[in-house]
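Here's the structure, in structure tokens; my notes come after.
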Amino acid sequence: MTTLPTDLLRTFVTVLELGGITAASARIQRSQPAVTLQIQRLEALVGKPLLLRQGRTVSATDDGRILLRYARDILALNDAAIARLSRQPLAGTVRLGIPNEFASSFLPEILGRFAQRHPDLAIEVKCALSTELLKAFHDRALDLVFALHARPPGASAPSWSEPVAWVISPQHRPHLRRPLPLIVAPEGCVYRQRIEAVLQEERIPSRVLYSSPSFGGIRAGVAAGLGVTVLAESIIPSELIRLSDSRRLPPLEPVHVQVHHDAGNASAAVRALAGYMAEHLASRRPGQSAG
């Protein structure tokens, strides 16, 4: 029976996550020919091509996507077994990037529970727009990033969809005004992109009445009745409500959350936190609804 070596699987996962042989070779500190040889050995073992090469970028074939799912499971089990047998607690520092709205809602609760299990592990949290977090991740300034995407991301990392909704204060009706008053984050925000696209498509006049880079600022503006915003349903604060009257504002497509980390070379602490947070963030229940 054929055995798939974990070092080949780690290289395979890294190449797909970084999108190319060059980036993967720098990350795993092997020459490009050595990385290419490892991929060729893996393809020879499974008897199928695993990568599609387009210039310097690569993507997975259909068989490659199948193997990618198994590779992650195999590596996770391997690392879990080693960690359990070595009986070494998680330690060190994880540099975590997460969007403001997650950090201001239930992140402290989730991180608090994780920290109780692993008291020797330090977590440095950076909160910003997803575009800024992804840049920091690619610059290797962050180890782990949860980022919002307007479109479904590829299969290179765990991801899930987040239903989004128009959000207002229950004491005010700003959604009835025209032009529609908007409360948004600065340019580059996925929610803002979603708002502007759907309003333009539906030809609904609007204007940005209030802009804030922080979730707290947006939350306060909506609570004061200054305007409407769009949020993932799972993070709608208790003092705000979801507008379900589709006659007033058009429905919205979901946003997508993806976990970004170097699965092939990440430390045990990074992998543990990534799995823990993905499980708990994806299981959040949506917020309240209002007509």
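The values are calculated or read from the model by the stated rules, or taken from the named source; none is laboratory data. Because the structure is a prediction, the values reported are computed rather than measured. No Cβ is skipped: glycine too gets one built from the backbone with ideal geometry, and neighbour counts run over all protein chains shown. Heads up: the accessible areas ignore ligands, DNA and RNA and are worked out on the full protein's heavy atoms, side chains in. Shrake-Rupley method; radii C 1.70, N 1.55, O 1.52, S 1.80 Å.
Restricting the search to segment 188-212, which residues are touching a helix residue (DSSP H, G or I) at 6+ places or on another chain (Cβ under 7 Å) and either open to solvent by less than 70 Å² (accessible area, probe 1.4 Å) or part of a loop (DSSP other than H, G, I, E, B) (or both)? Scanning segment 188-212 gives 188, 190, 206, 212. If only residues of segment 59-83 that are of a type in the set (A, V, I, L, M) and at pLDDT 85 or above are counted, the one that is surrounded by the most Cβ atoms within 10 Å (Cβ to Cβ) is 71.
Of all residues in segment 214-252, which are in contact with a Pro (Cβ under 9 Å, 6 or more places away or on another chain), part of a loop (DSSP other than H, G, I, E, B) and surrounded by 15 or more Cβ atoms within 10 Å (Cβ to Cβ)? Result: 225, 226, 227, 236, 240, 252. Selection of first residues in segment 78-91 that are over 21 Å from residue 7 (Cβ atoms) and of second residues that are modelled with pLDDT of 75 or more and in a helix (DSSP H, G or I), restricted to Cβ pairs under 8 Å at least 6 apart or on distinct chains, gives the following pairs, ordered by first then second residue: 90/268; 90/269; 90/272; 91/269.
Among the residues of segment 184-198, those that are of a type in the set (A, V, I, L, M) and either touching a residue at least 40 places away in the same chain (Cβ under 8 Å) or under 16 Å from residue 162 (Cβ atoms) (or both) comprise 184, 185, 190, 195, 198.
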